[in-house]
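Chemist: One structure is given below, represented as structure tokens, and several questions about it will come after.
Just so it is clear, none of the values below were taken in a lab; they were calculated from the coordinates. Please read all numbers here as calculations on a predicted model, not as lab measurements. Glycine also receives a Cβ, built like all others from the backbone with ideal geometry; neighbour counts cover every protein chain displayed.
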Amino acid sequence: PVRLIVDTDTAGDDVNSLLIALLHPNIQLEAVTISVGNVGFEQQIENALYTIEMAGRSGQVPVYPGCAVPLVNEWVAADYVHGRDGMGDSFFPRARQRPEPQHAVDALIERIHAAPGELTILAQAPLTNIAVAVTRDPSIARKVKTLYIMGGTYFAPGNITPAAEYNFYVDPEAARIVFRAGFDIRLVDWGLCVRDTVLDDGDLEDIRRLDTELARFYLQVNRVVRQFNETVGIRGVTHPDSIVAAMIADPAIARGWQPCQVDIETRGELTRGASVITPAQYAGVEKRVERPNAQVCLGADRERFKALLMDILARR
Ligand code: BDR
Ligand code: CA
């Protein structure tokens, strides 16, 4: 199995992603680190702990609180997308497991050094924790096996501004640091998620019919995002984070990867947080693409993803 750490701002689809990471046999989830993002920081910690409990894994996967504010920006919440608690306004009870006393950045550095070349990271939140870790210890970049990142825009406009996707918008400086640090990066952008990962009412009905505790949990957590998506013309639940977890568990879900040069706009008056993605075939035309720093995902197999998600939700 893939030895994985998930860096998350636990709300909505972050939860679906964690369920896959916790329950798929091809993934060995070794730690969860919490980053500034969707909702209040303490709430995100509770959401991760509650999700671990729902997966029947209480006490088995440590949760490390990390950076609670972006490097430079003011924090921008996304509670209007996911509900005030990030869990579809469910206000679940407190989980039994408690967070670890160690800071996420220290835990990341320590764990990467303890298993050089072995750990995969899924970064599904603003990149603050990863940026601080690699700034403190640049040697970790080459010691992480693969860093999967959900963020940016390639196949469609942004979701927080026309130019920017939420994770990069919240902490553009962090995103820039991470893309320049020398990690082996695989990027899944917001546009792919809108095009290839939406589960509509028919799909949600299939999930309801599973009639399991996890299926009910999924439907409840994703209730508010379903309603929000309707207001922006998306008919169903989007799966930006969980599609990446699914690709890690089953690489055939990804329909190809393109070597690209990726950088993040940190100053644009209208474009702060925008990802600037240039495919490697433009090397020579644009000097800066001579050395691609990421593989950008070209598409996802929606049916295969849905089957994987349903298999996870059927387990409990
Ligand atoms: C990203 O923002 C969050 O709300 C989602 O979990 C995802 O990581 C999509 O822009
Ligand atoms: Ca997220």
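Chemist: Which percent, to the nearest 5, of DSSP beta bridges fully inside the chain are antiparallel?
Modeler: Here the antiparallel bridges make up roughly 30 percent for the chain.
Chemist: Okay, moving on. Over the C-alpha atoms of segment 61-175, what are the Rg and the largest Cα-to-Cα span, Dmax, in Å?
Modeler: Values for segment 61-175 (Cα only, Rg and Dmax): 15.7, 41 Å.
Chemist: For segment 160-236, what is the largest minus smallest coordinate of the Cα atoms on each principal axis, given in angstrom and ordered from greatest to least?
Modeler: Sorted from largest, the Cα extents of segment 160-236 read 46, 27, 19 Å.
Chemist: Treat segment 22-64 as a sphere of radius equal to its Kirkwood radius over Cα pairs and apply Stokes-Einstein at 4 °C in a medium of 1.567 mPa s; give the translational diffusion coefficient in µm²/s, rounded to a whole number.
Modeler: It diffuses with D of about 118 µm²/s by this estimate.
Chemist: As an exercise, identify the GluC sites (Glu not before Pro) in segment 233-316 lying in DSSP coil whose Cβ has no more than 14 other Cβ atoms within 10 Å.
Modeler: Glu269, Glu290
Chemist: Starting from a Cα-only point model with no solvent, please compute log10 I(q)/I(0) by Debye for the chain at q = 0.10, 0.11, 0.15 1/Å.
Modeler: -0.49, -0.60, -1.20
Chemist: Set the Förster distance to 25 Å, then compute FRET efficiency between Asp200 and Arg255 from the Cβ-Cβ distance, nearest 0.05.
Modeler: According to the calculation, E is roughly 0.80.
Chemist: Please compute the modelled spin-label separation between Arg3 and Val276, points set 7 Å along Cα→Cβ, answer in nm with one decimal.
Modeler: Reported label-point gap for Val276 and Arg3 is 3.7 nm.
Chemist: Right, here's the next one. Evaluate the Kirkwood expression for the hydrodynamic radius of segment 199-316, namely the inverse of the mean inverse distance over all pairs of different C-alpha atoms, and round to one decimal in Å.
Modeler: Result for segment 199-316, one decimal place: 16.8 Å.
Chemist: In a Debye calculation with equal point scatterers on the alpha-carbon sites of segment 3-87 and no solvent, what is log10 I(q)/I(0) at q = 0.16, 0.17 Å⁻¹?
Modeler: The calculated log intensity ratios at q = 0.16, 0.17 Å⁻¹ are -0.56, -0.63.
Chemist: Here's something else I'd like to know. Obtain the radius of gyration and the Kirkwood radius of segment 110-172 from its C-alpha atoms and give Rg over Rh.
Modeler: That ratio is 1.06, to two decimals.
Chemist: Say R0 is 35 Å: what FRET efficiency, to the nearest 0.05, do Glu230 and Glu269 get from their beta-carbon distance?
Modeler: 0.65
Chemist: Name the residue, out of Thr120, Thr161, Thr146, whose mean-square fluctuation peaks in a Gaussian network model built on the chain with Cα pairs under 10 Å.
Modeler: Residue with maximal mean-square fluctuation among Thr120, Thr161, Thr146: Thr161.
Chemist: Between Arg208 and Asp311, what is the spin-label point distance in nm, taking each point 7 Å from the Cα along the Cα→C-beta axis?
Modeler: Computed distance between label sites Arg208 and Asp311 equals 2.6 nm.
Chemist: Show that you can apply the helix-only estimate: for the chain, add -39,500 (n - 2.57) for every DSSP H stretch of four or more residues, divide by all residues, and state [θ] at 222 nm to the nearest 500.
Modeler: About -10500 deg cm²/dmol.
Chemist: On a full-extension model of 0.36 nm per residue, what is the gain between Val76 and Ser58, subtracting their alpha-carbon distance, rounded to one decimal in nm?
Modeler: That works out to 3.4 nm of additional length.
Chemist: Cα atoms only, segment 111-251: Rg and Dmax in Å?
Modeler: 16.9, 48
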